[in-house]
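A.B. asks: Structure provided below as structure tokens; questions to follow.
The values are calculated or read from the model by the stated rules, or taken from the named source; none is laboratory data. Keep in mind it's a predicted model, so treat the numbers as computed, not measured. Neighbour counts are summed over all protein chains in view; Cβ atoms, including those assigned to glycine, are modelled from backbone coordinates with ideal geometry. Quick note on the areas: whole protein, heavy atoms, side chains included, nothing else; ligands and nucleic acids left out. Shrake-Rupley method; radii C 1.70, N 1.55, O 1.52, S 1.80 Å.
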Amino acid sequence: MDKEKRIAASRIANLLFQDLTNTKTTKKKRPKLSKTKLMKWGEMASHSGLAKNMNAYQAGMIIQAGSELGYGPAASLNCFYIVGHKVTPLGQTMAAMIKKSGKYTYKVLSSTDEVAEITFMEKDGDSFQELGTVSFGKKDAAMAGLGGDAWRKYPSNMYFWRCLSKGARM
């Protein structure tokens, strides 16, 4: 897939997740879920297959973390996952959160099977000012000990999402 198609696919994913996170319900303060309701949601998600490879407690923690950011239970389970005992947003969720903020945005400079490079910007009045440019490539992946099937099959996607998450933490 060439650069333009990858960028277009990324933009489409961002728009879909922006729609998901920009519903009227996210603008309202969500009622706090009781421990009992969290467990019920966790059990339903676990038994239904919505929360694959996780138990009811893990699903409940994802729902709670998403709720704190304005996401409903089902959206939380689709937008977050657990890595190393931490609830973490998916790359698409991070991208949508950056764009939805209105204060920050990013521009993809490159996204190839070798490296991804993204410039992050902050709103200053009516325009955006560059905060910096971040890259993530083969060397970074090797240093982090990353590999596996997804990295071999979809290197440009993996570099892109790692680059985006690196920049989101700037």
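A.B. asks: Are there any pairs with C-beta distances below 8 angstrom linking a residue in region 62-90 that is touching a residue at least 24 places away in the same chain (Cβ under 8 Å) and more than 28 Å from residue 146 (Cα to Cα) to a residue that is part of a loop (DSSP other than H, G, I, E, B) and open to solvent by 30 Å² or more (accessible area, probe 1.4 Å), with the two at least 6 apart or on different chains, and if so which?
C.D. replies: Listed by first residue and then by second, the contacts come to 64/33; 67/30; 67/32; 67/33; 70/30; 72/30; 73/33; 74/50.
A.B. asks: Does region 33-48 include one or more residues that are out of contact with any Asp or Glu (no Cβ under 6 Å at 6 or more places or on another chain), on the phi > 0 side of the Ramachandran plot and modelled with pLDDT of 60 or more?
C.D. replies: So far as region 33-48 goes, no, none of its residues is out of contact with any Asp or Glu (no Cβ under 6 Å at 6 or more places or on another chain), on the phi > 0 side of the Ramachandran plot and modelled with pLDDT of 60 or more.
Conditions (1) out of contact with any helix residue (DSSP H, G or I) (no Cβ under 6 Å at 6 or more places or on another chain); (2) aromatic (Phe, Trp, Tyr); (3) within 18 Å of residue 54 (Cα to Cα); (4) at pLDDT below 95, marked per residue:
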position: 70; (1), (2), (3), (4): no, no, no, yes
position: 78; (1), (2), (3), (4): yes, no, yes, yes
position: 87; (1), (2), (3), (4): no, no, yes, yes
position: 94; (1), (2), (3), (4): no, no, no, yes
position: 108; (1), (2), (3), (4): no, no, no, no
position: 116; (1), (2), (3), (4): no, no, no, no
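A.B. asks: Can you give me the ranges of the helices (runs of 4 or more DSSP H) entirely in region 123-170 with at least 3 residues that are in contact with a strand residue (DSSP E or B) (Cβ under 6 Å, 6 or more places away or on another chain) and open to solvent by less than 90 Å² (accessible area, probe 1.4 Å)?
C.D. replies: Values: elements: 138-143, 149-153, 155-168.
Helices (runs of 4 or more DSSP H) meeting the threshold: 155-168.
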